[in-house]
Amino acid sequence: MSFIRGYDADSLREIVDERECLERLEEIGTLRSLPALFERVWLLKVTDQLDEALRVSEQSVRTARMAGTRRDLLRARILHATIMQHRGQHAAADQELTTCAEEAEGQGWAGIAAFAYQHRGRNHLDAGDLVGARADVKRALFLRQESGATEEDLGSILLVIDALDRKQVDAGVVG
């Protein structure tokens with residue numbers, strides 16, 4: 001079940017039904033499996049419970065280090081970086097997302113690298129860097145194509161690129 005109803009035209013962040021997200025948070029409670037922790041982090045983030053999201057994201061990183069795979073650890077670190085981004089810690093988020101993207105590419109994990117680049121693009125957008133945002137989202141598109149993403153997944157990222165292009169035109173930015 002997808003909780004995403006669309007994307008905000010300015011921030012490109014997910015638009016969700018907060019009630020559904022809060023109900024799902026209650027359903028999963030304090031489960032400690034990695035998938036449950038990842039879901040809790042995301043749900044806490046999109047419901048703007050950033051302090052709790054940070055705590056749970058740190059727990060997911062520790063759990064992935066102890067009991068997960070390298071892929072799990074990268075996913076946990078990327079989610080943790082998105083919490084830092086939402087808290088306005090753009091430099092720290094950028095550093096972590098860059099490290100994760102490079103490691104994923106080095107391992108040949110295009111899907112995870114795309115995930116990191118897409119979030120780094122959002123981080124750039126939040127920090128006011130439209131050119132960096134567009135470059136990262138385009139890199140994410142290339143990697144998603146390489147990893148065999150569905151037309152629907154590619155369509156959503158193309159909409160993000162289009163929105164960034166319009167933002168650049170509106171801002172008079174040449175990139």
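Here, each number is a calculation from the coordinates, and none is a lab measurement. Computed from a prediction, not measured in an experiment: that's the story for all the values here. Every residue, glycine among them, receives a Cβ derived from its backbone with ideal geometry; neighbour counts consider all protein chains shown.
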Dipole axis of the range 4-171 (+1 Lys, Arg; -1 Asp, Glu on Cβ), positive-most option in Ala113, Leu12, Ala149: Ala113
Calculated FRET efficiency for the pair Leu158/Arg71, C-beta based, R₀ 30 Å, to 0.05: 0.70
Can you tell me how the chain classifies by the Cα gyration tensor, rounded, prolate or oblate, using a/c under 1.5 as the rounded cut? prolate
Site Arg32, offset 7 angstrom along Cα→Cβ, radius 11 Å on amide nitrogen, limited to the range 62-89, gives 63
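Mind ordering 76-88, 26-38 by average Cβ neighbours within 10 Å, highest first? Can you show the working numbers first?
Numbers: 76-88: 21.9, 26-38: 13.5.
Answer by packing, highest mean first, reads 76-88, 26-38.
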Mean-square fluctuation maximum in Gaussian network of the chain, Cα pairs under 10 Å, restricted to Leu54, Leu43, Leu159, hits Leu159
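Calculate, for Arg5 and Leu25, the FRET efficiency according to 1/(1 + (r/R0)^6) with r their C-beta to C-beta distance and R0 22 Å; round to the nearest 0.05. Before the final figure, lay out the partial values.
On the way: r = 17 Å, r/R0 = 0.78.
The value I calculate is 0.80.
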Within the set of other residues whose C-beta is less than 14 Å from the C-beta of Thr30, count the net charge using Lys and Arg as +1 and Asp and Glu as -1. 0
Cα axis of helix 90-107 to longest principal axis of the chain: angle in degrees, 0 to 90, nearest 10? 90 degrees
Would you grab the residues whose amide H sits under 5 Å from the one on Ile15? Only those 5+ places off in sequence or on another chain, please, with H modelled 1.01 Å from N. Arg5, Gly6, Tyr7, Asp8
For the chain, set up a Gaussian network in which alpha carbons nearer than 10 Å are linked by springs, and say which option among Glu152, Glu58, Glu103 fluctuates the most. Glu152
By the C-alpha gyration tensor axes a ≥ b ≥ c (rounded if a/c is under 1.5, else prolate when a/b exceeds b/c, else oblate), the shape of the range 91-175 is oblate
If one takes the longest principal axis of the Cα atoms in the chain, at what angle in degrees, from 0 to 90 and to the nearest 10, does the Cα axis of helix 70-86 lie? 70 degrees
Using the alpha-carbon atoms, what tilt in degrees (0 to 90, nearest 10) does helix 18-28 show relative to the longest principal axis of the chain? 40 degrees
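Given an 8 Å cut-off on Cα distances and at least 6 residues of separation, report the relative contact order of the chain as a percent. Before the final figure, lay out the partial values.
Details: 212 pairs, mean separation 24.3, N = 175.
With pairs under 8 Å counted, the relative contact order is 14 percent.
If you place +1 on the Cβ of every Lys and Arg and -1 on the Cβ of every Asp and Glu, how big does the dipole about the Cα centre of the chain come out, in debye to the nearest 20?
Numbers: 23 positive and 30 negative charges, 110 e Å.
Charge dipole of the chain: 520 debye, to the nearest 20.
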